[in-house]
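A quick write-up on the structure given underneath.
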Amino acid sequence: MKIVDGAATGIDFERFRLRRFLESLDAGELERRDAPTDLADVASALEGNPKAVWFTRAGPEGAQLAGNVAGSRSRIAAAFGVSPDKLLAEVLKRLDLKGEVIEVSREQAPAQQVVLTGDQADFTKLPVNLQHGLDGAPYISSSVDFAFNREAGWTNVGMRRIMLRGRREAGVDLNTPSDLRTIYQAQVKRGEKLPIAFAVGSSPIDHVAATMRLVGDELALIASLRAAPLPVVKCVSNDLRVPADAEYVLEGYLDERGYVEAEGPYGEFLGYYGVVKTNPVFHLTAVTRRRDAVFQTSTISGRTLARTDTAQLNALRAEATVWRALETAVRGLRGIFASPASGGAFNVRVALESRVPGEARNAIAAVFGCLVNVKHVFVVDPDVDIFSDEQMDWALATRFQADRDVVVASGFRAVPLDPSLAGARTTAKAGFDLTLPFAAPGQQRPLEHRIPEPPRYEGRRFDSVEAALQDGSKYFVELMAATGSRDGREIVLALDALRREGRLDRDAEGRYALK
């Protein structure tokens with residue numbers, strides 16, 4: 001990759017940095033703590049907090065530390081410059097863009113304004129806190145990893161947690177199937193180390209990119225989601241390219257011994273602990289950062305999953321994956337929502353305008369197969385707000401019969417962290433058809449399937465109730481509109497007079513008519 005002059009290409013190294021994003025948040029989204037904060041108090045300050053928290057004096061060094069930055073859909077949407085209800089559409093649109101990656105010199109890269117190597121590269125000099133009571137050690141939980149895939153010829157990007165083991169050693173979780181695990185295992189077979197780098201302190205956009213699993217160079221994926229060229233710089237201790245506008249970069253390698261060291265326990269994304277696992281060891285060779293760098297921690301577990309970074313990021317990834325699977329499987333797709341409270345993917349809601357009978361079940365089947373994390377699928381009509389728990393409860397209560405509208409299938413690949421498995425190696429999935437009985441386009445639904453709304457006084461005007469009924473049968477609200485009534489009681493009296501004369505009739509839908 002040819003190094004270019006960042007200034008000549010108009011690259012703005014501040015636009016996508018974490019500090020600038022924090023500064024853009026208002027008081028409703030950001031809690032700023034300027035008083036000194038012990039690292040032991042960071043986790044409790046973040047637990048269940050609906051806001052991002054910016055600690056300006058964290059730990060004895062008085063470091064800058066931000067947490068829970070992507071812990072709400074509204075903050076992720078703000079990073080993309082859209083409202084929360086437009087977030088998925090914006091992400092899908094940007095995924096179709098061709099991303100441009102531009103390499104800049106070390107002199108131009110803010111991420112290398114400060115370079116620490118040798119004994120100066122020290123994990124214990126970073127503001128890393130213990131996140132959950134039984135965690136094995138303090139964890140760096142907001143790291144975006146970069147590794148080169150030799151077979152494919154491109155850079156892989158993901159998100160990995162890092163458990164501190166000493167000044168220059170840490171455990172990295174590579175138990176879950178991932179591209180990085182495949183890349184690392186290939187290196188182990190060759191008896192070679194895997195160079196790797198971690199960016200800590202990134203825009204929520206970069207975190208969204210890191211959660212996606214797409215074929216191709218994932219540096220370009222970051223650029224696509226930014227909708228702007230991505231400036232990268234060569235690491236100081238290996239040949240990897242990393243975002244030049246990151247707050248911190250931790251460089252090093254995973255050693256060639258494979259899975260050799262205990263890592264964990266750790267509070268996981270489903271709200272329970274993950275057990276101790278055997279994992280590779282990361283060796284730190286350099287720490288680079290901005291002069292005014294902001295370190296970052298992500299919220300992962302606890303009782304309020306919907307307010308964690310991991311759940312919100314998982315949910316957006318699930319929505320994008322499910323949308324792409326469903327847009328070719330069914331017609332009339334109107335919306336997708338993955339519930340953050342379910343870890344971001346276990347419960348998925350689909351709004352669907354069915355065009356033919358059975359389409360809701362087709363949607364359920366497609367979602368079952370497109371993402372391993374999905375366990376429960378809820379399909380509703382477009383009139384139900386999939387973002388509203390109240391409306392979803394209403395649809396479940398009034399449009400669902402358990403012996404008719406549930407689809408259950410077993411033997412699917414499972415997420416091992418799911419505690420409900422109770423030792424099983426595969427999982428069951430359930431789909432809930434919460435749609436009304438199929439109605440062809442233009443077909444009027446029966447009264448019992450129509451939703452009451454405030455009356456609207458529209459239609460042709462008449463001099464009297466009798467004249468209005470001579471025009472045809474009408475609902476009470478239509479009689480009010482037809483006579484210009486702003487009260488309604490005089491309509492009752494007029495109808496009563498016609499009834500006493502034996503001239504009033506009503507149809508099965510409740511409309512009034514003349515005999």
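The values are calculated or read from the model by the stated rules, or taken from the named source; none is laboratory data. This one's a predicted model, so the numbers in the text were calculated from it and none came from an experiment. In this analysis, Cβ positions are derived from the backbone assuming ideal geometry, glycine residues included, and neighbour counts consider all displayed protein chains.
Remarks
- Restricting region 8-51 to residues that are exposed (fewer than 11 other Cβ atoms within 10 Å of the Cβ) and among the aliphatic types (A, V, I, L, M), the residue that is nearest to residue 83 (Cα to Cα): 27
- Assessment of region 345-362 against the conditions (farther than 28 Å from residue 96 by Cβ, outside the structural domain of residue 235 (by TED's automatic domain parsing), of a type in the set (D, E, K, R) and modelled with pLDDT of 95 or more) yields at least one matching residue.
- Residue check for residue 18: under 24 Å from the mean Cα position of the chain (by Cα) and in contact (Cβ under 8 Å) with a residue 12 or more places away in the chain: yes
- Flag for residue 473 being surrounded by 15 or more Cβ atoms within 10 Å (Cβ to Cβ) and in contact (Cβ under 8 Å) with a residue 24 or more places away in the chain: yes
- Matching residues, region 282-303, being closer than 30 Å to residue 270 by Cα and of a type outside the set (Lys, Arg): 282, 283, 284, 294, 295, 296, 297, 298, 299, 300, 301, 302
A quick yes/no check of all residues on (1) touching a Gly at 6+ places or on another chain (Cβ under 7 Å); (2) at negative phi; (3) surrounded by fewer than 24 Cβ atoms within 10 Å (Cβ to Cβ):
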site	(1), (2), (3)
185	no, yes, yes
192	no, yes, yes
195	no, yes, yes
201	no, no, no
204	no, yes, no
211	no, yes, yes
215	no, yes, yes
228	no, yes, yes
233	no, yes, no
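- Failed item, numbered, when residue 395 is tested on (1) crowded, with 17+ Cβ neighbours inside 10 Å; (2) more than 28 Å from residue 74 (Cα to Cα); (3) of a type in the set (Gly, Ala, Ser): (2)
- Scanning region 347-360 for residues that are outside any strand (DSSP E or B) and surrounded by 17 or more Cβ atoms within 10 Å (Cβ to Cβ) yields a total of 3.
- Taken over region 115-131, the criterion of being under 31 Å from the mean Cα position of the chain (by Cα) and surrounded by 17 or more Cβ atoms within 10 Å (Cβ to Cβ) is satisfied by 123, 126, 127, 128, 129, 131.
- Condition check for residue 467: hydrophobic (A, V, I, L, M, F, W, C) and either part of a helix (DSSP H, G or I) or more than 22 Å from residue 446 (Cβ to Cβ) (or both): yes
- Listed here are the helices (runs of 4 or more DSSP H) enclosed by region 143-253 that have at least 1 residues being in the same structural domain as residue 88 (by TED's automatic domain parsing), without any contact (Cβ under 8 Å) to a residue 12 or more places away in the chain and not acidic (Asp, Glu): 179-190.
- The criterion of at least 3 residues that are within 20 Å of residue 207 (Cβ to Cβ), in the same structural domain as residue 118 (by TED's automatic domain parsing) and without any contact (Cβ under 8 Å) to a residue 24 or more places away in the chain is met by none of the strands (runs of 3 or more DSSP E) wholly inside region 275-327.
- Filter pass, residue 363 being surrounded by 14 or more Cβ atoms within 10 Å (Cβ to Cβ) and either in a loop (DSSP other than H, G, I, E, B) or not β-branched (Val, Ile, Thr) (or both): yes
- Residue among 424, 402, 409 that alone is under 31 Å from the mean Cα position of the chain (by Cα), part of a loop (DSSP other than H, G, I, E, B), surrounded by 11 or more Cβ atoms within 10 Å (Cβ to Cβ) and not assigned by TED's automatic domain parsing to the domain that holds residue 275: 424
- Residue match in region 300-317 (condition: within 20 Å of residue 50 (Cα to Cα), among the basic types (Lys, Arg) and under 25 Å from the mean Cα position of the chain (by Cα)): yes
- Of the criteria (1) touching a residue at least 60 places away in the same chain (Cβ under 8 Å); (2) assigned to a helix (DSSP H, G or I), which one residue 383 fails: (2)
- Hey, residue 86 of a type in the set (D, E, K, R), surrounded by fewer than 16 Cβ atoms within 10 Å (Cβ to Cβ) and more than 30 Å from residue 336 (Cα to Cα) or not: no
- Here is the figure for region 130-142: residues that are assigned to a loop (DSSP other than H, G, I, E, B) and closer than 21 Å to residue 285 by Cβ total 2.
- Matching entry among 453, 458, 448 (being modelled with pLDDT under 95, not hydrophobic (A, V, I, L, M, F, W, C) and not in a loop (DSSP other than H, G, I, E, B)): 448
- Residue within region 188-197 that is within 20 Å of the chain's Cα centre (by Cα), of a type outside the set (S, T, N, Q) and at pLDDT 95 or above present: no
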